[in-house]
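Input: a single structure, listed below in structure tokens.
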Amino acid sequence: MNETGRYAHRRGIHCESACQCAVLAAGGYDVDEEIVFGLDGGFGFSFFPANGNAPDIVVGKQAIMPLRAARLMGVEVATHTPKSGDGLAKLLASAPAVMTRVDLGLLPYWGLEGRTSFGGYFVNVVRPLGADAFEVSDPAFDAPVTVSAGELQAARSSRNSPPLNPDWKVYVFGAPRRTPQLDRVGPVAVRTLCREILKPGSRNLGIPGMKLLATTAASWPQSKHGEVEDVDLTGRVVRTDALARQLLHLGRQIESFGTGGGLFRPMIGRYLTRVADSTGETRYADAASQFLDSGRLWSNLGSALLTAGTATARDDLKTLVDAVADTARSAMDVEKRALTALTTL
């Protein structure tokens, strides 16, 4: 089916939502990315400390591929785990594209050389190119890219990013059968979002996760030590301090890894604005403004961490560690106020 040309590559902000939008568009249904993002209900905060001096993981979401938006649109989504290029090609014989979970650090065109890992990334695999390569549609780039079958296999099978390993998962979407009414389903998604961020049931998630980041970051100068290999912002492999790697990795997680900047906060702000417009309820707009404020806090931190790169002296890195803790606390306060106000709706 991919040979019909129905799939069209498009840039996006959030890899998971943008890939879904592109596949849905191939099925004849155009939907804005922030709507899919908001209805899916994966937004939030996750913090996963790593062992030793490996970088701790921060994600601006709490669920990967919850598929709530797809269910609201009546889209049947089949999950597969093909462990070979041939298996992937067979799925593409009857689908315009296959949404594929990968380790971003092992996608060759990102230039990270596997030294930074994030196994919660998504691309759409569009078609095989002979027996040894695939055309890949990555919403972070202007055009599709060619990835060898071996490289794609490595990115799909990576075990470098626990607990966010890709686990070979791919998704095949059916055609949408209905259009969600945002004034009806939008508030339901917001209530779910509030519940799962304010009281997530895990200290690694939501508001408790932000608090854990703030307290854990203070220990990074002790736990993240020694010389390690990393990739700088130009794609060069460098030797650097483990603390510098942690801070650069966090900067990428905030600004670069398919978040659209600000750890998804501006994106959820746009979704809340759309809900406010559809319902006429101004309190959604108030919360949207607060999440935009939080997004600016996260973006300011992310930009500072990326600017510092891998070449900053260790004493200066400790100042950035303080900024991480301060930002986490400040953003936590802003977001908690916004979410608490929304629980009354």
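Within region 279-291, does at least one residue satisfy the condition of being among the polar types (S, T, N, Q) and closer than 20 Å to F45 by Cβ?
There is at least one residue in region 279-291 that is among the polar types (S, T, N, Q) and closer than 20 Å to F45 by Cβ.
Of the numbered conditions (1) surrounded by 20 or more Cβ atoms within 10 Å (Cβ to Cβ); (2) over 29 Å from G201 (Cβ atoms), G27 fails exactly one; give the number of that condition.
(1)
Helices (runs of 4 or more DSSP H) wholly in region 235-324 with at least 1 residues that are among the polar types (S, T, N, Q), under 26 Å from F48 (Cβ atoms) and not assigned by TED's automatic domain parsing to the domain that holds G114 - which ones?
Here the list reads 242-255, 282-308.
Listed residues T216, T146, T192, T179; which is in a strand (DSSP E or B) and either surrounded by fewer than 19 Cβ atoms within 10 Å (Cβ to Cβ) or assigned by TED's automatic domain parsing to the domain that holds L248 (or both)?
Within the list T216, T146, T192, T179, the selection yields T146.
Taking region 204-213 only, how many residues are touching a Gly at 6+ places or on another chain (Cβ under 7 Å) and not in a helix (DSSP H, G or I)?
Counting residues in region 204-213 that are touching a Gly at 6+ places or on another chain (Cβ under 7 Å) and not in a helix (DSSP H, G or I) gives 1.
Conditions first: (1) farther than 23 Å from Q62 by Cβ; (2) touching a residue at least 60 places away in the same chain (Cβ under 8 Å). S303 passes all but one, so which condition is the exception?
Every listed condition holds for S303 apart from (2).
Find the residue count for region 222-274, including only residues that are within 20 Å of Y109 (Cβ to Cβ), crowded, with 17+ Cβ neighbours inside 10 Å and among the hydroxyl-bearing types (S, T, Y).
Of the residues in region 222-274, 2 are within 20 Å of Y109 (Cβ to Cβ), crowded, with 17+ Cβ neighbours inside 10 Å and among the hydroxyl-bearing types (S, T, Y).
Could you pull out the residue among G60, G105, G42 that is under 20 Å from V275 (Cβ atoms), outside the structural domain of G260 (by TED's automatic domain parsing) and without any contact (Cβ under 8 Å) to a residue 60 or more places away in the chain?
So the residue among G60, G105, G42 that is under 20 Å from V275 (Cβ atoms), outside the structural domain of G260 (by TED's automatic domain parsing) and without any contact (Cβ under 8 Å) to a residue 60 or more places away in the chain is G42.
Test of understanding: among A8, A26, A54, which residue is at pLDDT 95 or above and either on the phi > 0 side of the Ramachandran plot or of a type in the set (G, A, S) (or both)?
So the residue among A8, A26, A54 that is at pLDDT 95 or above and either on the phi > 0 side of the Ramachandran plot or of a type in the set (G, A, S) (or both) is A8.
With the requirement that a residue be more than 11 Å from the chain's Cα centre (by Cα) and surrounded by 19 or more Cβ atoms within 10 Å (Cβ to Cβ), what does region 54-66 give you?
Across region 54-66, the qualifying residues are P55, D56, I57.
Looking only at region 82-129, which residues are touching a strand residue (DSSP E or B) at 6+ places or on another chain (Cβ under 7 Å) and polar (S, T, N, Q)?
T100, T116, N124
Every residue in region 150-172 that is over 15 Å from P82 (Cβ atoms) and either within 19 Å of the chain's Cα centre (by Cα) or modelled with pLDDT under 95 (or both), please.
S158, R159, N160, S161, P162, P163, L164, N165
Taking only region 275-287 into account, find how many residues are buried (at least 23 other Cβ atoms within 10 Å of the Cβ) and either free of Cβ contacts under 8 Å to residues at least 12 places away in the same chain or of a type in the set (G, A, S) (or both).
Matching residues across region 275-287 total 1.
So how many residues does region 149-176 have that are within 20 Å of L106 (Cα to Cα) and either out of contact with any Ser or Thr (no Cβ under 8 Å at 6 or more places or on another chain) or part of a helix (DSSP H, G or I) (or both)?
13
The values are calculated or read from the model by the stated rules, or taken from the named source; none is laboratory data. Predicted model, so just to flag it, every value in this text is computed and none were measured. Cβ: placed from backbone, ideal geometry, glycine included. Neighbour counts: every protein chain shown.
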